[in-house]
Amino acid sequence: MALTLTEDQLILRDMARSFFDEKSPVERMRTLRDSRDTTGFSHELWKEMGKLGWIGIPFPEAVGGAELGYGELGVVLSECGRVLAPEPFVSTVLLGGNAVLLGGNEPLQKELLPDVCRGERLLSLAFHEHGRFAPHAVETGATRDGDGFRIRGEKRFVLDGHVADQIVTVARTAGGSGDRAGLTLFVVDADAAGLSVQRTELVDGRNAARVTFDDVTVDATRVLGEIDRGADVLDAVFDRATIGLCAEMVGTFEEAFERTLAYLKTREQFGVKIGTFQALRHRAAHMFGGLEFARSVVRDAQSAIDDGRGDVAECASAAKARCSEVANQIGAEAIQMHGGIGMTDEEEIGLFFKRLKAAELTLGDAIYHRNRFAGLRGY
Amino acid sequence: MSSASLEEFREEVHVWIEQTLPAELRVGLRKDLPKESRRRWISALAERGWIVPDWPVEYGGAGLDRKRAAIVKSELAAFRAPTIRGFGVSMLGPTLLEFGTDEQKREFLPPIARDEVQWCQGYSEPGAGSDLASLQTRAVREGDEYVITGQKIWTSYAHVADWIFCLVRTDPDAPKHDGITFILFPMKQPGVTVSPLKLIDGGADFSQVFFDGARAQAKHVVGPVGGGWTVAKRLLQHERTTDGSSEEGGITGAMKESLVDLVKREVGMEDGALADPTIRQRLAAQEMEKRALGLTMARAMAEARAGQATRDIGSLGKYRWASMVKNEQDIAMLALGTQGLGWSAPGFDERELERTKAWLTTRADSIWGGTNEVQLNVIAKRVLQIPE
């Protein structure tokens, strides 16, 4: 079980840190937001990350990947989280990319993944139909139509859906909403007839889309996994994506915590540093605890994937339940301890607060994952 | 050292335990083990130096490196074998290895490694709890001896202890942290009186200890005279390491029925899930916290070994451990309802009464060894370095 970083991972971390410090200070994310940038992130920077081999970390060499593990991917994601870099790791690598990797046959993988690894193809996963995360609550239907399928329905919260080249779509081919059985995954091209994509802006400055399927036809060769058994692929995709998202969150925790700690040591009121007040000192200690425990469970979850352990699902839920709690804790305390200045848009701590809330509610909150963990543990 | 030879070593340890440990002892931490059988097992363990496998052979250990010592400990844990976890093994021993003279090590360590001498800890006083350094027990030099007068409290197992490691004030005029000395002396002597304290859980494992002219030999001062505070703090770190990292979380590991089984039995299941969704949430959070604590302590140790440690985790571990073990009993009490309110049989079974007692006993876990509030102070000051 790898709870510490290897020498190679330490080198990767230092590289990624200098890369993001130089090319992606938090200010860049604000500029993208305020200019209402049509992409919402930088294509150029994404391609640079592709050249560095970071996008391809979890993919096999045969499709242009680096064939490394979640230990390495987590290092890069944490550095992204530290500077709030909005590049499309979650949509393209963790969700869409994993769906193709875990469910796609060889021709589909060879067609799609090499460009993904180079940063030249963007993917997303269309699964959400409701606000709260409910992975099998799918009503969007796919019916047989000759050699293929015809999809009708509407999806929300398709991350980076406005720029994705392909949208992996979860549709119901049997059963009723909420059933785990009867789901099928399709690779749908963004320019398919009947597909309309509406960009939506999110509170954290990132983008998701509402995607409407008005009798979109998809060939049977574009199915990922088995028909009606898409949940087998989907659940594994969500576990990996969740663990990756948690690694990003840990980076955001670190930075939000360090900034708040620095503020406690410099801000003066009543003639003293506010960090001298015990009410704040104890809460700072609690934040430290939140951060350290989150780091441990996320490292363990990463190694559960990398070591091929049988408890990836449990670890994913333990990690996301924890990170969701800590996101609330560190986010709320960061704003509160900054006081009035923390409420201003000018102070960057608010950007961290908003990203943490978005990450908390993405792929299941603490309540969802505690329930799932309990179910996996037999109660 | 190759991993193959480590595996061979593990196999060797496994086989020895399998052959030596009687079946009736493979039940974990329990007080009601058959005495003679336990005594024979402990002496067999001591014979191999495996009560303290990482101590040098000359002091009664097995002289094993960290990896092999860890293998011995994990194999013993896997068999749920009785081991010795007293103050001598877990706190005084490591402290003497670091601060003791050669003569002190030769005199005190081997009996600890053979479980022949019981130690108790003379730290707290009625007026020195969280503010330990304000302690007032006086030690006055008289020839080759010190004469000790004063009072200690919360001294665990003082009524059965043979010796005490004690903090005394040797210089009342020095600043409070500087006048303290760490000294060892026997409990069974005329100037020492032990008076047990009955606690809220009905137990009396703690005592008040009164010193009225008790005698200690000057050669039994550990570290410099007046330099006891440094030794005392170091010993507390061993205390925190022992508790925060103990795999089964101390008392919660010794329960006859696991928390999950208890909650399932009391709350009931509907469609594969606990019938009460709120208790289900709390139970899942508790299991995750226990696991996360174990992972965090393991990570801290691994990072320390790899030279990657950034901020010390000791106080955080003690704080979270204490909160975790108390929360376990709080959940058990919620699940038991009024069946958790019994004081004695009849009317309440063993599983219920052990939970009631554990709920009371674990209140102390966030008080001794530095209260939760003190741990948070330490984190803020020492770990996060927020100026006071």
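Derivation of every value follows stated rules applied to the coordinates shown; laboratory data play no part. Since the structure is predicted, the reported quantities are computational estimates derived from the model, not experimental observations. Cβ coordinates were reconstructed from backbone atoms using ideal geometry, including for glycine residues, and neighbour counts include every protein chain displayed.
What percent antiparallel are the DSSP beta bridges of the protein assembly as shown, to the nearest 5?
Beta bridges within the protein assembly as shown, antiparallel portion: roughly 85 percent.
Could you tell me which of rounded, prolate or oblate describes segment A:124-228, using a ≥ b ≥ c as the square roots of the eigenvalues of the alpha-carbon gyration tensor, with rounded for a/c under 1.5 and, failing that, prolate when a/b is larger than b/c and oblate otherwise?
Here segment A:124-228 falls in the oblate category.
What ³J(HN,Hα) values, in whole Hz, does the Karplus curve 6.51 cos²θ - 1.76 cosθ + 1.60 give for segment A:177-193 when θ = phi - 60°, with x put for Gly and Pro?
Residue by residue, segment A:177-193 yields 3, x, 5, 6, 7, x, 9, 9, 9, 10, 8, 10, 6, 5, 9, 4, 5 Hz.
Give the cross-link partners of A:Lys265 among the lysines, using a straight C-alpha distance below 22 Å as the criterion and excluding same-chain residues fewer than 8 apart.
A:Lys273, B:Lys381
Determine the calculated [θ] at 222 nm for the protein assembly as shown from helices alone, applying -39500 (n - 2.57) to every DSSP H run no shorter than 4 residues and normalising by the residue count; nearest 500 deg cm²/dmol.
-15000 deg cm²/dmol
Counting each pair of different Cα atoms once, what's the Kirkwood radius of chain B in Å, rounded to one decimal?
22.8 Å
Is there a quick way to get the dipole size of chain A? I mean about its Cα centre, with the Cβ of Lys and Arg at +1 and of Asp and Glu at -1; what is the value in debye to the nearest 20?
Computed charge dipole of chain A: roughly 1120 debye.
Round to the nearest 10 and give me the degree value, 0 to 90, for the angle of helix B:277-305's Cα axis relative to the longest principal axis of chain B.
Around 40 degrees separate the two axes.
Return the ratio Rg/(2.2 N^0.38 Å) for segment A:232-376, where Rg is computed over Cα atoms only.
With N residues counted in segment A:232-376, Rg over 2.2 N^0.38 Å equals 1.15.
So what's the gap between the Cα centers of segment A:145-162 and segment B:11-45, to the nearest angstrom?
Distance between centres, Cα-based: 64 Å.
Determine the dipole magnitude for segment B:42-95: charges of +1 sit on the beta-carbon of Lys and Arg, -1 on that of Asp and Glu, nothing else is charged, the reference point is the Cα centre, and the result goes in debye to the nearest 20.
Dipole about the Cα centre, nearest 20: 220 debye.
Largest first and in whole Å, give the semi-axes of segment B:323-388's equivalent ellipsoid, each being the square root of 5 times a Cα gyration tensor eigenvalue.
For segment B:323-388, the ellipsoid semi-axes come out as 35, 10, 7 Å.
Magnitude of the Cβ-charge dipole of the protein assembly as shown, K/R +1 and D/E -1, about the Cα centre, nearest 20 debye?
That gives the protein assembly as shown a dipole magnitude of about 1840 debye.
Just tell me which aspartates and glutamates come within less than 18 Å, Cα to Cα, of A:Lys110; anything on the same chain fewer than 8 places away is out.
In chain and number order, the partners are A:Glu61, A:Glu67, A:Glu120, A:Asp165, A:Asp189, A:Asp219.
Taking a cut-off of 19 Å between Cα atoms, list the lysines near A:Lys23, but don't count ones fewer than 8 places away on the same chain.
A:Lys47, A:Lys51
With r as the distance between the Cβ atoms of A:Thr276 and B:Ala23 and R0 = 60 Å, compute the FRET efficiency 1/(1 + (r/R0)^6) and round to 0.05.
0.55
Over segment A:232-376, what is the mean sequence separation of C-alpha contacts under 8 Å (at least six apart), divided by residue count, expressed as relative contact order in percent?
Once divided by the residue count of segment A:232-376, the mean separation gives 30 percent.
Using a 10 Å cut-off around each Cβ, can you sort A:Arg295, A:Arg132 from fewest to most neighbouring Cβ atoms?
Ranked by crowding around the Cβ, least crowded first: A:Arg132, A:Arg295.
Nearest 10 degrees, 0 to 90: what angle lies between the long axis of helix A:349-361 and the longest principal axis of chain A (Cα atoms)?
40 degrees
Name the residue farthest towards the positive end of the dipole of the protein assembly as shown from the options B:Phe87, A:Gly146, A:Leu123, assuming +1 on Cβ of Lys and Arg, -1 on Cβ of Asp and Glu, about the Cα centre.
B:Phe87
If you take the square roots of the eigenvalues of the alpha-carbon gyration tensor of segment A:116-183 and sort them as a ≥ b ≥ c, do you get rounded (a/c under 1.5), prolate (a/b over b/c) or oblate?
Judged from the Cα gyration tensor, segment A:116-183 comes out oblate (a/c at least 1.5, b/c at or above a/b).
Which percent, to the nearest 5, of DSSP beta bridges fully inside chain B are antiparallel?
Percent antiparallel among DSSP bridges in chain B is about 85.
Can you give me the orientation-averaged projected area of the convex hull built on the Cα atoms of the protein assembly as shown, in nm²?
Averaging across all directions leaves 37.2 nm² for the Cα convex hull.
Give a quick list of trypsin sites (Lys or Arg not before Pro) in segment A:1-73 that DSSP marks as loop, anything other than H, G, I, E or B, with at most 10 other Cβ atoms within 10 Å.
A:Arg36
Helix B:102-113 versus the longest principal axis of chain B: what angle, 0 to 90°, nearest 10, using Cα atoms?
Approximately 30 degrees, to the nearest ten.
Using amide H atoms built in the peptide plane, which far-off residues or other-chain residues are under 5 Å from B:Glu125 H to H?
Amide H to amide H, under 5 Å and 5 or more residues apart or across chains, B:Glu125 pairs with B:Ile153.
Classify segment B:1-107: rounded, prolate or oblate, from the alpha-carbon gyration tensor (a ≥ b ≥ c, eigenvalue square roots; a/c under 1.5 rounded; otherwise prolate if a/b is larger than b/c)?
Cα axes put segment B:1-107 in the oblate bin.
Pairs of lysine in segment B:162-314 with Cα under 29 Å and at least 8 positions apart or on different chains: total?
The result is 12.
Report the Stokes-Einstein translational diffusion coefficient (µm² s⁻¹, integer) for segment A:205-274, Rh taken as the Kirkwood radius over Cα pairs, at 37 °C with viscosity 0.692 mPa s.
After rounding, the answer is 190 µm²/s.
Please compute, for the alpha-carbon atoms of chain A, the extent along each of the three principal axes and give them in descending order in Å.
Principal-axis extents of the Cα atoms in chain A, largest first: 78, 49, 39 Å.
What percent do you get for the relative contact order of chain A when only Cα pairs under 8 Å and 6+ apart count?
In percent, rounded to a whole number, it is 16.
Report the relative contact order of segment B:119-225, percent, no decimals, based on alpha-carbon pairs under 8 angstrom and at least 6 residues apart.
Reported relative contact order: 31 percent.
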